[in-house]
Amino acid sequence: MSGLILEHVTKQFGTFTAVNDVSLAVADGSFVCLLGPSGCGKTTLMRMIAGLDLPTGGSIRLSGADITQVPTHRRDLGMVFQSLALFPHLTVGENIAYSLRIRGADKDAQKKRVDELLAMIHLPGFADRSVNKLSGGQRQRVAIARALAISPKLFLLDEPLSALDAKLREAMQVELRQLQQRLGITTIVVTHDQREAMTMADTVVVMNGGEIRQAAAPVDIYRRPADSFVADFIGQTNLLPFETDSTGRAAVLGTSIEGLAPLTGPEKGLLSVRPEDVQLAPAGNGLIPGTVTFVRDLGGTIETFVEAGGQQVIAVSSPRNRPAVHVGQTVGIKLDPATSVVLAK
Amino acid sequence: MRREPPQRLGDYGPLFFPAGMLTLFFVVPFATMIAVSFFQRQQGGFYTPAFVLDNYARFLSLFFGKVLGFSLFLAVAVAIACVVVGVPFTYLLARSSRKTQIAWLVALLSILSLSEVMIGFAWSTLFSRTAGITNLFVWLGLMSQAQALTPSFGAVMTAMAYQAFPYTVLVLYPALVRLDPTLSEAARTLGASPAKAFFTVVVPALRNTILATLIMVFIFALGSYLLPQLLGRPQHWTLSVLITDQAIYQSNMPFAAAMAVFLVLVSLALVGLAVYAGRQKEAK
């Protein structure tokens, strides 16, 4: 079977388990983001895929071959480091040609490939410049070109855009995704920025505590989070406790809700409701009563903070649907059962 | 913090103390030495102020030329030996655990507390026939008979490299600790074996530090005058040994001063050349 396959990969440092029994299949040509808070094991997992750390358990296969113990330099991969790790003593062209020079490619072939790659990253004619005199975005592109010089089987990026300012980062995310789609190269990106993951990935792998919490398409991760960690980590959400009574009827914050997705399992749990799915209406009519505590008008969106049953509920609306509320007002909170997700507690 | 050029004389105040110390303890003695090198020698250990070039003229002989050549060769050899051993050693040290690093650094620093005399006698014992390391080799079956390894060029080199090694590590250590560890990792992901990554990325990235270390050990080794006498034959004596001999035993201060001035000029020229060569390569 082709692609990258991780089976029960585990990494222990002494008594600390950085990555715990991770299994994941990455299809050829797909773009996967490893997403999670710092210390969740995503970088360790990537370093094991690169061969910079060896797993203490499990296996890694690439295009059918077991590469678990293969040293890094024989894995034919390209990697972009968080620090970029451009070689300071080499020019832009020499940096990009490094992997070709190490493999003994002849000078003309090296030059041709460097020119090709410089054109691809929109920096033609930069071959003889010093890497120390480039801007952040240019250094970023050079690091990407260097990693892609041998047309690797696997393209790994460890927090590649974290050093760039917000605007440039967003532009590079789009550019990187377009480049990956054009080249059709299997790509794995480690990031802690969920917007970055949502922008680029075919599959987002959410990790926490050294384990995969959910691996799915970005929209599914957002719309159907597997647990409360994923729901809370990806975007903003309201996690509201609910209980079911003997008849299977659910009550959220003491108010019963009709039409919630079939509740077979838990009798107590959490309901994840995205702020944009919360609607505010006049109190009564069987809605959850609450008191407006703060209104944050950001121009593009309006966030209304409502206190209900000791819990804070956030509702987001666009200016077009601005709720007619003010601080201290009692309102009714309307949840849409179709977009609310039941989570085990 | 705002930085502006000094306006009044008082702004230069902090510089007065170091400038004064430098003048008193470096510029004055050095100027005295240059002056003495032109003085006329009187038999019986004294000299009279004069301006003669005899001392320099005497120096321009094949014998002193050879000694100067050997001194420079020895200093360069010690500098290269220290850097060749020191760079990989310090690279590994900088990547080992904190505890290992401290143990090694303390051990290396303790060498600095040993005087040149102690180092010299310790090595002459270790290289002797009766109590030396060759006895260990005989016991291990590597040699059939214990033998003396001193006096010899190898013994002089070993002891001088031993003495200079802590300085080498201390100069290299900060640069190697600060070196981005992902540089060699990046080289490995690009297809270089760990050894190849070390030589194509780590060493070139440290070129300036390595050059500075070479120069420092070179100058340090040039001043060594005890170890060549303790561990070497007369043909292994350096110019520093002859300077000591002239200044102390022959009481010929002007000639000793002339040799010292010449040694300083030659070493400055060599250092200048090394720095210039380094700059040229960087500009390329």
Which number in (1) free of Cβ contacts under 8 Å to residues at least 24 places away in the same chain; (2) surrounded by fewer than 17 Cβ atoms within 10 Å (Cβ to Cβ); (3) away from chain B (no Cβ under 14 Å) marks the one condition that residue A:165 misses?
(1)
Only unsatisfied item for residue A:113, checking (1) within 14 Å of another protein chain (Cβ to nearest Cβ); (2) closer than 23 Å to residue A:182 by Cα; (3) open to solvent by less than 40 Å² (accessible area, probe 1.4 Å); (4) not β-branched (Val, Ile, Thr), is (3)
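Please pick out the residue among B:278, B:232, B:272, B:223 that is of a type outside the set (Lys, Arg), in contact with a helix residue (DSSP H, G or I) (Cβ under 8 Å, 6 or more places away or on another chain) and open to solvent by 30 Å² or more (accessible area, probe 1.4 Å).
Numbers: B:278 fails: open to solvent by 30 Å² or more (accessible area, probe 1.4 Å); B:232 fails: open to solvent by 30 Å² or more (accessible area, probe 1.4 Å); B:272 fails: in contact with a helix residue (DSSP H, G or I) (Cβ under 8 Å, 6 or more places away or on another chain).
Residue meeting the stated conditions: B:223.
Results for (1) more than 14 Å from every other protein chain (Cβ to nearest Cβ); (2) closer than 22 Å to residue A:161 by Cβ; (3) β-branched (Val, Ile, Thr); (4) within 19 Å of the chain's Cα centre (by Cα), shown as yes or no for each residue.
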residue: A:21; (1), (2), (3), (4): yes, no, no, no
residue: A:25; (1), (2), (3), (4): yes, no, no, yes
residue: A:29; (1), (2), (3), (4): yes, yes, no, yes
residue: A:39; (1), (2), (3), (4): yes, yes, no, yes
residue: A:44; (1), (2), (3), (4): no, yes, yes, yes
residue: A:57; (1), (2), (3), (4): yes, no, no, no
residue: A:82; (1), (2), (3), (4): no, yes, no, yes
residue: A:103; (1), (2), (3), (4): no, no, no, no
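Residues that are within 22 Å of residue B:264 (Cβ to Cβ), at least 3 per element: which helices (runs of 4 or more DSSP H) completely within the range B:1-118 meet that?
Working: elements: B:13-22, B:28-36, B:54-59, B:62-94, B:98-112.
Output list reads B:13-22, B:28-36, B:54-59, B:62-94.
Output the number of residues of the range A:23-61 satisfying the condition of being in a strand (DSSP E or B) and closer than 13 Å to residue A:188 by Cα. Working first, answer last.
First pass over the range A:23-61, keeping only residues in a strand (DSSP E or B): A:23-26, A:31-35, A:57-61.
With closer than 13 Å to residue A:188 by Cα added as a condition, the list becomes A:24-26, A:31-35.
Looking only at that region, the number is 8.
More than 14 Å from chain A (Cβ to nearest Cβ) and open to solvent by less than 40 Å² (accessible area, probe 1.4 Å) - does that describe any residue in the range B:183-206? Even if it seems obvious, please write down each step before you answer.
The first filter runs over the range B:183-206 and keeps only residues more than 14 Å from chain A (Cβ to nearest Cβ), leaving none.
Checked against the condition, which is being more than 14 Å from chain A (Cβ to nearest Cβ) and open to solvent by less than 40 Å² (accessible area, probe 1.4 Å), the range B:183-206 yields no hits at all.
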Every residue from the range B:11-56 that is modelled with pLDDT of 85 or more and of a type in the set (Gly, Ala, Ser):
B:19, B:20, B:31, B:35, B:37
In the list B:173, B:162, which residue meets the criterion of being at pLDDT 90 or above, away from chain A (no Cβ under 11 Å) and open to solvent by 50 Å² or more (accessible area, probe 1.4 Å)?
B:162
Test set (1) open to solvent by 80 Å² or more (accessible area, probe 1.4 Å); (2) touching a Pro at 6+ places or on another chain (Cβ under 8 Å) - residue B:140 fails condition number:
(2)
Go through the range A:62-73 and report how many residues are in a helix (DSSP H, G or I) and more than 8 Å from chain B (Cβ to nearest Cβ).
0
Can you pull out the residues in the range A:152-163 that are more than 16 Å from the chain's Cα centre (by Cα) and part of a loop (DSSP other than H, G, I, E, B)?
A:152, A:153, A:163
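Just wondering, is there one or more residues in the range A:84-93 that are touching a residue at least 60 places away in the same chain (Cβ under 8 Å), under 27 Å from the mean Cα position of the chain (by Cα), surrounded by 18 or more Cβ atoms within 10 Å (Cβ to Cβ) and more than 11 Å from chain B (Cβ to nearest Cβ)?
Of all residues in the range A:84-93, those touching a residue at least 60 places away in the same chain (Cβ under 8 Å) come to A:84, A:86.
So of that shortlist, the ones also under 27 Å from the mean Cα position of the chain (by Cα) come out as A:84, A:86.
Among the residues that remain, those that are also surrounded by 18 or more Cβ atoms within 10 Å (Cβ to Cβ) are: A:84, A:86.
So of that shortlist, the ones also more than 11 Å from chain B (Cβ to nearest Cβ) come out as none.
Checked the range A:84-93: no residue is touching a residue at least 60 places away in the same chain (Cβ under 8 Å), under 27 Å from the mean Cα position of the chain (by Cα), surrounded by 18 or more Cβ atoms within 10 Å (Cβ to Cβ) and more than 11 Å from chain B (Cβ to nearest Cβ).
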Within the bounds of the range A:276-287, is there any residue that is part of a strand (DSSP E or B), under 24 Å from residue A:244 (Cβ atoms) and open to solvent by less than 40 Å² (accessible area, probe 1.4 Å)?
yes
Can you report the number of residues in the range A:203-255 which are of a type outside the set (A, V, I, L, M) and open to solvent by 60 Å² or more (accessible area, probe 1.4 Å)?
12
Would you say residue A:150 is within 13 Å of chain B (Cβ to nearest Cβ), in contact (Cβ under 8 Å) with a residue 60 or more places away in the chain and surrounded by fewer than 20 Cβ atoms within 10 Å (Cβ to Cβ)?
yes
Search the range A:3-14 for residues that are at positive phi and pair each with any residue that is crowded, with 16+ Cβ neighbours inside 10 Å when their beta-carbon atoms are under 6 Å apart and the residues are at least 6 apart or on different chains.
A:3/A:26; A:8/A:58
Matching residues in the range A:296-326 (closer than 23 Å to residue A:255 by Cβ and either within 34 Å of the chain's Cα centre (by Cα) or at pLDDT 90 or above (or both)) number 17
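The values are calculated or read from the model by the stated rules, or taken from the named source; none is laboratory data. Quick caveat: nothing in here was measured; it's all calculated off a predicted structure. Quick reminder, even Gly has a Cβ in these numbers, built from the backbone with ideal geometry, and neighbours come from all protein chains shown. Note: accessible area is taken over every heavy atom of the protein model, side chains too, but ligands, DNA and RNA are not part of it. Shrake-Rupley method; radii C 1.70, N 1.55, O 1.52, S 1.80 Å.
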